[in-house]
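Derivation of every value follows stated rules applied to the coordinates shown; laboratory data play no part. Fair warning: this is a prediction, and the values are worked out from it, not measured in the lab. In this analysis, Cβ positions are derived from the backbone assuming ideal geometry, glycine residues included, and neighbour counts consider all displayed protein chains.
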Amino acid sequence: MKKSLLDGAAHAVLSGFLIIVPIYLAVLLLLKAMDTVGHLVHPITLLLPDWFPGERLLALLLVLLVCYLVGIALRTATGRDIGERIERKVLDRIPGYSILRSLTHQMAGESGEKGWKPALAEIEEALVPAFIIEEFEDGRYTVFVPSIPTPFVGTVYILERERVHPVNVPFARALQVVTRWGSGAKGLEMAMREASGAPLR
């Protein structure tokens, strides 16, 4: 009983850690960037009233503008090439970056992103919400079965094709099923039956 409680507590801590840390790092980097560019906008803030938080506001706007311009540049052929080189040589070596990038693309609805395709997997005698991570040359799948209600903690399986049923639903919708303790799983099963041509219940 005691070991079970400790395992549950450790799982809860890990789940919270995986959610909080990326958010914390993003906020930390934003604040650091604002501090860096704050010196650039300081002369402009001298023209504003003392009560107005001009330096912080202008720094935030400048950081967002730079992010916007970089995003626009990455949509060009040259920008994409440079971005891919940076990802391969620098960013992909950062632990966790690849998975966060993939999830961000999936949440943005970019269908061209490989991996993390919603599916229902046959585990023992049940169908469970899962995500296809990769496909083997012989047709098998690597699937990730998330733990309820934490979508980024779970178990990885290598399953035969017959035991994995891709479902044509948005990534965000499949993610909601996990975070809502399975609510909405009926929609995943209906999507699976529609894809296979089986009669709907």
* Sticking with the crude label model, points 7 Å out along Cα→Cβ, report the distance from LEU65 to VAL27 in nm, one decimal please. => 2.7 nm
* Per residue and in Å³, how big is the convex hull formed by the alpha-carbon atoms of the range 117-196? -> 86 Å³
* **Separation in nanometres of the label points that stand 7 Å from Cα toward Cβ, at THR36 and ARG173** => 4.0 nm
* **aspartates and glutamates with Cα under 16 Å of LYS89, excluding same-chain neighbours fewer than 8 positions away** => ASP81
* Structure fact -> Placing +1 on each Lys and Arg Cβ and -1 on each Asp and Glu Cβ in the range 117-196, then taking the dipole about the Cα centre, the residue among SER147, GLN176, ILE158 whose Cα reaches farthest towards the positive end is GLN176
